[in-house]
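Shown next, in structure tokens, is the structure this report addresses.
Values in this text are rule-based calculations from the coordinates and carry no lab data. What you are looking at is a predicted structure, and each value in this text was computed from that prediction instead of being measured. Using ideal geometry, Cβ is built from the backbone for each residue, glycine included, and neighbour counts are taken over all protein chains shown.
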Amino acid sequence: MKKFITMLIAAATIFTASAAIAADNEPTVYLNGEQMTFDVNPFIEDGRTLVPMRAIFEAVGASVTWDEEDRTVHAIREKDGEVSLVSLQIDSAAAFVNSGAKELDVPAKIVDDRTFVPLRFVIESLGERVEWDADNYAVKITTAQ
């Protein structure tokens, strides 16, 4: 009986830890100190935070277009007289920033009919700053204002 209770307690502990890890897969995102809200939650995959594409691009002043034929998202932003163009193709490790090729650790992807993009890559490609706050499981984006 003691072994059964010990196994039951161990199983409950593992289940609780798994639930905590699953909840932690949804980081909080802040833009210039303000918490962002998304209609679909960001998540972490292979150590990279992925966020809904339109929400993150538009939050930093970029306009977004979607090319259905080649499944590519294009974002363009003009800031301080400089134009930035970022293109990411779904499920491709190759991305383009102002026509220069870049390698992604985690590609853009579609999950439940929503396009997610790697947050750090997108924000840094537009010349802004990103910090990971491990203590609060949060991403902090700072834009030059």
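Among (1) under 12 Å from residue 53 (Cβ atoms); (2) crowded, with 16+ Cβ neighbours inside 10 Å, there is one condition residue 104 misses while meeting the rest; what is its number?
Condition (1) is where residue 104 drops out.
Quick check on my filter: what residues within segment 39-57 are hydrophobic (A, V, I, L, M, F, W, C) and part of a loop (DSSP other than H, G, I, E, B)?
40 - this is the single residue of segment 39-57 that is hydrophobic (A, V, I, L, M, F, W, C) and part of a loop (DSSP other than H, G, I, E, B).
Any residue in segment 41-61 that is of a type in the set (S, T, N, Q) sitting within a Cβ distance under 6 Å of a residue that is surrounded by fewer than 18 Cβ atoms within 10 Å (Cβ to Cβ)? List the pairs, counting only those 6 or more apart or interchain.
Short answer, once both residue conditions are applied: 41/26.
Could you list, in sequence order, the residues of segment 119-142 that are closer than 21 Å to residue 54 by Cβ, of a type in the set (A, V, I, L, M) and in a helix (DSSP H, G or I)?
Within segment 119-142, 119, 122, 123 meet the criteria.
Please determine, by comparing only the residues of segment 77-101 that are in contact (Cβ under 8 Å) with a residue 24 or more places away in the chain and within 16 Å of the chain's Cα centre (by Cα), which one is surrounded by the fewest Cβ atoms within 10 Å (Cβ to Cβ).
90
For segment 86-115, give me the residue count where each residue is among the aliphatic types (A, V, I, L, M) and part of a loop (DSSP other than H, G, I, E, B).
Total meeting the criteria: 5.
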